[in-house]
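*Asks:* Here it is: the structure, laid out below.
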Amino acid sequence: MIFKDEMGAFTLAEVLITLGIIGIVAVMTMPVLIAGYQKNVLKNQFKKTYSMLSQAIVKTQADLGYVPDCYYYETGASVPHHCAEYNSNGTCKRFETNDGGAVPADVNGPLGECSVFKTAFLKNLNIIKTCKKVYDDGCIPAYKGYEDILRETDESLTDVDINKKGCVYLQKANLYAKPGYVFSDGSVLIDLNNMNIFAIDINGKKGPNKWGYDLFNFRLQGLSSKPVYLAPHPVSIYEHGGKPTKEMVKSMGN
């Protein structure tokens, strides 16, 4: 059997070979195209969620009429300090300044009015569901904890080793027990520390439900001379192939 076109003739075998090659190329390129599409969707969702939260933070301060004491210093701790004594489980029992002095209560930032900020902030968000315990009450799917991600690179780490690295609130047991809020677009906020530190799942229970893909950690930052704003948390938590929150924020302008 012969197939003809303006350029000449092709046998059925040649047509089938060509179609086979096209099929192979399609099979090889489709995963890349799909991955690129999904990455772009998540990037746009990140921008949308970041903008929504930033606007709510600005409005909250306008509603209150002042900048509440609920933020971490953008310049870092006011006094260099370190953990001077650990509990048996590896959590810090006592901090001291590097010269051995007492650490001021607001060494990392003033946090005394976070309850005031949180109450006003939640009023500026379109919340459709509230969970007292974000996992048990069904606001989030299963996530890896900070300890899971650390052990992927070093299986020898003990619980004490991990606790000494800080960020206990990002470990699974603590993360799951925190309150959470589901927004009308499906994104979810997990209140990790009275709303001055929180995690955001930008698409809720939709996949991939991984740190650095659709799950990111933030905190409130500021100075006495400027309003509070949304900032990436300085502790980077992301799974293989994902991006830390800081990089995602930087990429929004691209």
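The values are calculated or read from the model by the stated rules, or taken from the named source; none is laboratory data. This one's a predicted model, so the numbers in the text were calculated from it and none came from an experiment. Here the Cβ positions follow ideal geometry from the backbone for every residue, glycine too, while neighbour counts run over all protein chains shown.
*Asks:* For the range 199-235, how many residues are among the hydrophobic types (A, V, I, L, M, F, W, C) and under 15 Å from Phe46 (Cβ atoms)?
*Replies:* Residues that pass the stated criteria total 9.
*Asks:* Can you pull out every residue in the range 196-237 that is crowded, with 20+ Cβ neighbours inside 10 Å and in a loop (DSSP other than H, G, I, E, B)?
*Replies:* Within the range 196-237, Asn196, Ile202, Asn203, Gly212, Tyr213, Asp214, His233, Ile237 qualify.
*Asks:* Also, I was wondering about something else. What are the residues in the range 169-194 that are assigned to a loop (DSSP other than H, G, I, E, B) and within 12 Å of the chain's Cα centre (by Cα), if any?
*Replies:* Here is the first cut: in the range 169-194, the residues assigned to a loop (DSSP other than H, G, I, E, B) are 171, 178-179, 184-187, 192-194.
Passing the criteria: Ser187, Leu192.
*Asks:* May I ask you to verify whether Val116 is among the hydrophobic types (A, V, I, L, M, F, W, C), touching a Pro at 6+ places or on another chain (Cβ under 7 Å), modelled with pLDDT of 95 or more and surrounded by fewer than 16 Cβ atoms within 10 Å (Cβ to Cβ)?
*Replies:* Working: among the hydrophobic types (A, V, I, L, M, F, W, C): yes; touching a Pro at 6+ places or on another chain (Cβ under 7 Å): yes; modelled with pLDDT of 95 or more: yes; surrounded by fewer than 16 Cβ atoms within 10 Å (Cβ to Cβ): yes.
The answer is yes for Val116.
*Asks:* Now for a different question. Suppose the filter is more than 25 Å from Leu175 (Cβ to Cβ), in a strand (DSSP E or B) and not polar (S, T, N, Q); does Ala84 pass it? Quick ask: steps written out before the conclusion?
*Replies:* Values: more than 25 Å from Leu175 (Cβ to Cβ): yes; in a strand (DSSP E or B): yes; not polar (S, T, N, Q): yes.
Yes; evaluated as a whole, the condition is true for this residue.
*Asks:* Looking at Leu53, Leu125, Leu157, can you tell me which residue is under 21 Å from Ile200 (Cβ atoms), assigned to a loop (DSSP other than H, G, I, E, B) and among the aliphatic types (A, V, I, L, M)? So that I can check it myself, show each step before the final result.
*Replies:* Working: Leu53 fails: assigned to a loop (DSSP other than H, G, I, E, B); Leu157 fails: under 21 Å from Ile200 (Cβ atoms).
Selected residue: Leu125, the only one of Leu53, Leu125, Leu157 that is under 21 Å from Ile200 (Cβ atoms), assigned to a loop (DSSP other than H, G, I, E, B) and among the aliphatic types (A, V, I, L, M).
*Asks:* Evaluate the range 132-146: report whether one residue or more is part of a helix (DSSP H, G or I), in the same structural domain as Phe216 (by TED's automatic domain parsing) and either out of contact with any helix residue (DSSP H, G or I) (no Cβ under 8 Å at 6 or more places or on another chain) or surrounded by 12 or more Cβ atoms within 10 Å (Cβ to Cβ) (or both). Please lay out each step first, then the result.
*Replies:* First pass over the range 132-146, keeping only residues part of a helix (DSSP H, G or I): 146.
Filter once more, keeping what is in the same structural domain as Phe216 (by TED's automatic domain parsing): 146.
With the extra rule that they be either out of contact with any helix residue (DSSP H, G or I) (no Cβ under 8 Å at 6 or more places or on another chain) or surrounded by 12 or more Cβ atoms within 10 Å (Cβ to Cβ) (or both), the set shrinks to 146.
The answer is yes, given that some residue of the range 132-146 is part of a helix (DSSP H, G or I), in the same structural domain as Phe216 (by TED's automatic domain parsing) and either out of contact with any helix residue (DSSP H, G or I) (no Cβ under 8 Å at 6 or more places or on another chain) or surrounded by 12 or more Cβ atoms within 10 Å (Cβ to Cβ) (or both).
*Asks:* Could you tell me how many of the residues in the range 87-105 are part of a loop (DSSP other than H, G, I, E, B) and surrounded by 15 or more Cβ atoms within 10 Å (Cβ to Cβ)? Outline the logic, then answer.
*Replies:* We begin by selecting, within the range 87-105, every residue part of a loop (DSSP other than H, G, I, E, B); these are 87-91, 98-105.
Remaining after also requiring surrounded by 15 or more Cβ atoms within 10 Å (Cβ to Cβ): 90, 103.
The qualifying residues number 2.
*Asks:* Could I ask something else about it? Quick check on my filter: what residues within the range 195-254 are within 13 Å of the chain's Cα centre (by Cα) and aromatic (Phe, Trp, Tyr)?
*Replies:* Phe198, Trp211, Tyr213, Phe216, Phe218, Tyr238
*Asks:* Within the range 238-254, how many residues are in contact with a strand residue (DSSP E or B) (Cβ under 8 Å, 6 or more places away or on another chain), charged (D, E, K, R) and not in a loop (DSSP other than H, G, I, E, B)?
*Replies:* Within the range 238-254, the subset in contact with a strand residue (DSSP E or B) (Cβ under 8 Å, 6 or more places away or on another chain) is 238-239, 242, 244-246, 248-249.
Filter again for charged (D, E, K, R), leaving 239, 246.
Pick out the ones that are also not in a loop (DSSP other than H, G, I, E, B) and you get 246.
Summing the residues that are in contact with a strand residue (DSSP E or B) (Cβ under 8 Å, 6 or more places away or on another chain), charged (D, E, K, R) and not in a loop (DSSP other than H, G, I, E, B) in the range 238-254 gives 1.
*Asks:* Going by what's in this entry, would Gly166 be described as assigned to a loop (DSSP other than H, G, I, E, B), farther than 17 Å from Tyr72 by Cβ and modelled with pLDDT under 95? Spell out the reasoning first.
*Replies:* On the way: assigned to a loop (DSSP other than H, G, I, E, B): yes; farther than 17 Å from Tyr72 by Cβ: no; modelled with pLDDT under 95: yes.
The answer is no for Gly166.
*Asks:* Now for a different question. Residues in the range 19-67 that are of a type outside the set (A, V, I, L, M, F, W, C), more than 21 Å from Ala199 (Cβ to Cβ) and modelled with pLDDT of 75 or more: how many?
*Replies:* Kept after step one, since they are of a type outside the set (A, V, I, L, M, F, W, C), are these residues of the range 19-67: 20, 23, 29, 31, 36-40, 43-45, 47-51, 54-55, 59-61, 63, 65-66.
Filter again for more than 21 Å from Ala199 (Cβ to Cβ), leaving 20, 23, 29, 31, 36-37, 40, 59, 61, 63, 65-66.
Okay, now just the ones that are also modelled with pLDDT of 75 or more, so 40, 59, 61, 63, 65-66.
The qualifying residues number 6.
*Asks:* Among the residues of the range 82-116, write down those that are among the charged types (D, E, K, R) and out of contact with any Ser or Thr (no Cβ under 8 Å at 6 or more places or on another chain). Write out each step before concluding.
*Replies:* Step one: of the range 82-116, the residues among the charged types (D, E, K, R) are 85, 93-94, 96, 99, 106, 113.
If the condition is that a residue be among the charged types (D, E, K, R) and out of contact with any Ser or Thr (no Cβ under 8 Å at 6 or more places or on another chain), then Glu85, Lys93, Arg94, Glu96, Asp99, Glu113 are the ones that fit.
*Asks:* Count, please, the residues in the range 45-88 that happen to be of a type in the set (Asp, Glu), under 24 Å from Phe121 (Cβ atoms) and more than 26 Å from the chain's Cα centre (by Cα). Give the steps one after another, and end with the answer.
*Replies:* Step one: list which residues in the range 45-88 are of a type in the set (Asp, Glu), which gives 63, 69, 74, 85.
Next, only the ones that are under 24 Å from Phe121 (Cβ atoms) stay: 63, 69, 74.
After this cut, where a residue has to be more than 26 Å from the chain's Cα centre (by Cα) as well, the list is 63.
Going through the range 45-88 one residue at a time, the tally reaches 1.
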